């Protein structure tokens, strides 16, 4: 089901998300709805606050962004980003792993607004996946930019 994306000024966008302690059928449904919503809105990432909920949940899919490459490393080895998309991050923790670089960004909650934003060139991530299993990786390029855009107050 495609969810409504809340826009700038909505109080949900400022709420700190509660940790997800258990992957329930409701959480699984929310993950699927968020992915469907992100795709329908031509986004590359969506935080659950953008659909009016206060949880620590983000979905990402950078496969369609052919002009802005992404990198992914697992255990220090390069991995195929596409094999991990769409990516679900539950209770994510992020740590900058590179110098800030400027890049153009948009946001589904700020429609039609684009700006040059400084984000770390690489980011280390610890989270749970859609099955509740721990995942750790380093990412760069567009994937790092998307991850870092959701990283407020969630530093490793």
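The values are calculated or read from the model by the stated rules, or taken from the named source; none is laboratory data. Note that the coordinates shown come from a computational prediction; the quantities given were computed from them, not determined experimentally. Positions of Cβ are backbone-derived with ideal geometry, glycine not excepted, and every protein chain shown enters the neighbour counts.
Could you count how many residues in the range 89-111 are under 25 Å from residue 135 (Cα atoms) and assigned to a strand (DSSP E or B)? Steps first, please.
Residues of the range 89-111 under 25 Å from residue 135 (Cα atoms): 89-100.
Still in the running and assigned to a strand (DSSP E or B): 89-96, 100.
Residues that pass the stated criteria total 9.
In the list 144, 148, which residue meets the criterion of being crowded, with 19+ Cβ neighbours inside 10 Å and modelled with pLDDT under 95? I'd like the intermediate steps shown before the answer.
Values: 144 fails: modelled with pLDDT under 95.
Result of the check over 144, 148: 148.
I'd like the full set of residues that are buried (at least 18 other Cβ atoms within 10 Å of the Cβ) and either farther than 18 Å from residue 31 by Cα or touching a helix residue (DSSP H, G or I) at 6+ places or on another chain (Cβ under 8 Å) (or both), limited to the range 57-85.
Once the filter is applied, which keeps residues that are buried (at least 18 other Cβ atoms within 10 Å of the Cβ) and either farther than 18 Å from residue 31 by Cα or touching a helix residue (DSSP H, G or I) at 6+ places or on another chain (Cβ under 8 Å) (or both), the range 57-85 yields 57, 58, 59, 60, 61, 62, 70, 72, 81.
In this structure, does residue 147 turn out to be more than 17 Å from residue 7 (Cα to Cα), within 13 Å of the chain's Cα centre (by Cα) and outside any loop (DSSP other than H, G, I, E, B)? Give the derivation first.
Numbers: more than 17 Å from residue 7 (Cα to Cα): yes; within 13 Å of the chain's Cα centre (by Cα): yes; outside any loop (DSSP other than H, G, I, E, B): yes.
Yes; evaluated as a whole, the condition is true for this residue.
Determine the pairs where a residue that is in contact (Cβ under 8 Å) with a residue 24 or more places away in the chain and on the phi > 0 side of the Ramachandran plot, located within the range 64-88, has a partner that is surrounded by 12 or more Cβ atoms within 10 Å (Cβ to Cβ) and assigned to a loop (DSSP other than H, G, I, E, B) with Cβ atoms under 9 Å apart, the partner being 6 or more residues away or on another chain.
Filtered contacts from the range 64-88: no entries.
Each row is one residue, and each column tells you yes or no for (1) at pLDDT 95 or above; (2) under 21 Å from residue 41 (Cβ atoms); (3) over 14 Å from the mean Cα position of the chain (by Cα).
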| residue | (1), (2), (3) |
| --- | --- |
| 88 | yes, yes, no |
| 99 | no, no, yes |
| 106 | no, yes, no |
| 128 | yes, no, no |
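Name, by its number, the condition in (1) in contact (Cβ under 8 Å) with a residue 40 or more places away in the chain; (2) part of a loop (DSSP other than H, G, I, E, B); (3) out of contact with any strand residue (DSSP E or B) (no Cβ under 6 Å at 6 or more places or on another chain); (4) under 22 Å from residue 145 (Cβ atoms) that does not hold for residue 53.
The single condition residue 53 does not satisfy is (4).
Yes or no, residue by residue, for (1) within 13 Å of the chain's Cα centre (by Cα); (2) assigned to a helix (DSSP H, G or I):
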| site | (1), (2) |
| --- | --- |
| 4 | no, no |
| 12 | no, yes |
| 20 | no, no |
| 34 | yes, yes |
| 58 | yes, no |
| 66 | no, no |
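For residue 53, state whether it is surrounded by fewer than 16 Cβ atoms within 10 Å (Cβ to Cβ) and in contact with a helix residue (DSSP H, G or I) (Cβ under 8 Å, 6 or more places away or on another chain).
Considered against the rule, which asks whether it is surrounded by fewer than 16 Cβ atoms within 10 Å (Cβ to Cβ) and in contact with a helix residue (DSSP H, G or I) (Cβ under 8 Å, 6 or more places away or on another chain), residue 53 comes out as no.
Out of the residues in the range 8-50 that are loosely packed, with under 15 Cβ neighbours inside 10 Å and touching a strand residue (DSSP E or B) at 6+ places or on another chain (Cβ under 7 Å), state the one that is modelled with the lowest pLDDT.
It comes out as 8.
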